[in-house]
Every structure is written in C-alpha cells, then in structure tokens.
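The values are calculated or read from the model by the stated rules, or taken from the named source; none is laboratory data. As the structure is a prediction and not an experimental result, all values here were calculated from the model. Here the Cβ positions follow ideal geometry from the backbone for every residue, glycine too, while neighbour counts run over all protein chains shown. Remember, those area values only see protein heavy atoms, side chains included, never the ligands or the DNA or RNA. Shrake-Rupley method; radii C 1.70, N 1.55, O 1.52, S 1.80 Å.
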Amino acid sequence: MGDIEDAIDRADREVFTREPPRALKARINFLMGRLKTTRAVAAELGVSQRSVERYRTGARKTPPKAIADRIEAAVRSRWQPLVRNRRRKQAADRTGITVETRARFGYTAPIGTTDDGRMRRLTVHLPPTYAQRLFDAQQRGAGDRELRAIVAEGLQETYFKDGGTRAETLGVEFTDIDYIDVSY
C-alpha cells in the first residue's frame, strides 16, 4: 500500500462507531458470521480448516504474527461496512475531505517566478468532487501514483489556484511526502 491509500484506510477506521472484536475467538466468530463456513474463513486467512476450528473453540489462542495480522485485516475490512459507506457517500456528495500533509511542492510557473520546490505543511479541505474521484480510484484498485495525482490536483486547484482566482497557469508537483492524513 502507498502513502495515500494508507491515509484513506486510517480515515475509514476513524469512522467506526464501535471497535472491532479484540479477542481471537471473537474475531474468528465474527468472520464465521460473515463468511458462514470454516472452509471460507480458512481460505480467507490462508490456514487449514482445522486451525480455524481450533481458534474458534479456544484450543489454540495465539496464532503466528503473520496469521494474526491476516485475521485483523479480514475483520477490519468487514467491520461496520454500512457506517463506512455512509460516511464515504456523505464526503463524496456533500462534505468533501480534509488532507493534511507535509510534502515537497514544486511548480511549473511563468518566467520570472520561482519554481523551486520546498517542503510545506498544508491542511486543505478538498471539495466533494475530489473525494468522489479519490474513492472511485481506490475502489477500482488504482495505485498510489494515481491517488497522489488526484490529491495533487485538488491541492493545486483549491489551495494554490484558490479555486481559479489566481495563478491560472501554475502546475504543482506533489513529491517527497513526509506524511499525509485524510479525514472525512
């Protein structure tokens, strides 16, 4: 996963109204409720059906780290999908997203102005159209480069061009991301 995709995933987790189950047995039971069979859960986690049965009964309480991570990822991806989808829809239709980042911004600008990139810390609220484009791109499996381009365009139009009221020929490059956080 890339920087922006991780930031979107963190934002998804922040919208949970309840925390997902913590105990191994509760997590396995949750997955059983969603996937219906021990075979389906085993296939999802990449373990044997018997291992799932042991986790479920409590006969085995500590899976290896790699399997524990897969269990956590499987639970989180299925936890409160209605809440997550409702918040994404609201961001894409009405509220937009807020991007906080520290990154290097370089410019292509007219002669006589500086185009040297420099590190900036920005917190910018992007309109719903950029939220929709970002979510759509993530849903279809776009890479970090495409997601970064959408965020860069949103920052360029909203922050640097101030919605079209200035610097109309300015082009912004968004590189060397120190950190990025997305909220909605």
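Brief remarks follow.
- Against the conditions (1) at pLDDT 90 or above; (2) out of contact with any Gly (no Cβ under 7 Å at 6 or more places or on another chain); (3) of a type outside the set (Ser, Thr, Tyr); (4) crowded, with 16+ Cβ neighbours inside 10 Å, residue 128 satisfies every one except (2).
- Only one entry of 73, 66, 42 meets the criterion of being touching a Ser or Thr at 6+ places or on another chain (Cβ under 7 Å) and assigned to a helix (DSSP H, G or I), and that entry is 42.
- Members of the stretch 58-87 that are closer than 18 Å to residue 33 by Cβ, at pLDDT 90 or above and not basic (Lys, Arg): 71, 72, 74, 75
- Selection within the stretch 41-57 - open to solvent by 30 Å² or more (accessible area, probe 1.4 Å) and either within 12 Å of residue 24 (Cβ to Cβ) or modelled with pLDDT under 90 (or both): 54, 56, 57
- Residue count for the stretch 139-149, restricted to those that are more than 18 Å from residue 103 (Cβ to Cβ) and open to solvent by 30 Å² or more (accessible area, probe 1.4 Å): 3
- Restricted to the stretch 28-52, and to residues there that are of a type in the set (D, E, K, R) and over 22 Å from the mean Cα position of the chain (by Cα), the residue that is nearest to residue 99 (Cα to Cα) is 34.
- Test set (1) under 30 Å from residue 162 (Cα atoms); (2) at pLDDT 90 or above; (3) of a type outside the set (Phe, Trp, Tyr) - residue 114 fails condition number: (2)
- If the condition is being assigned to a helix (DSSP H, G or I), within 23 Å of residue 62 (Cα to Cα) and charged (D, E, K, R), then the stretch 2-39 contributes 25, 27, 34, 39.
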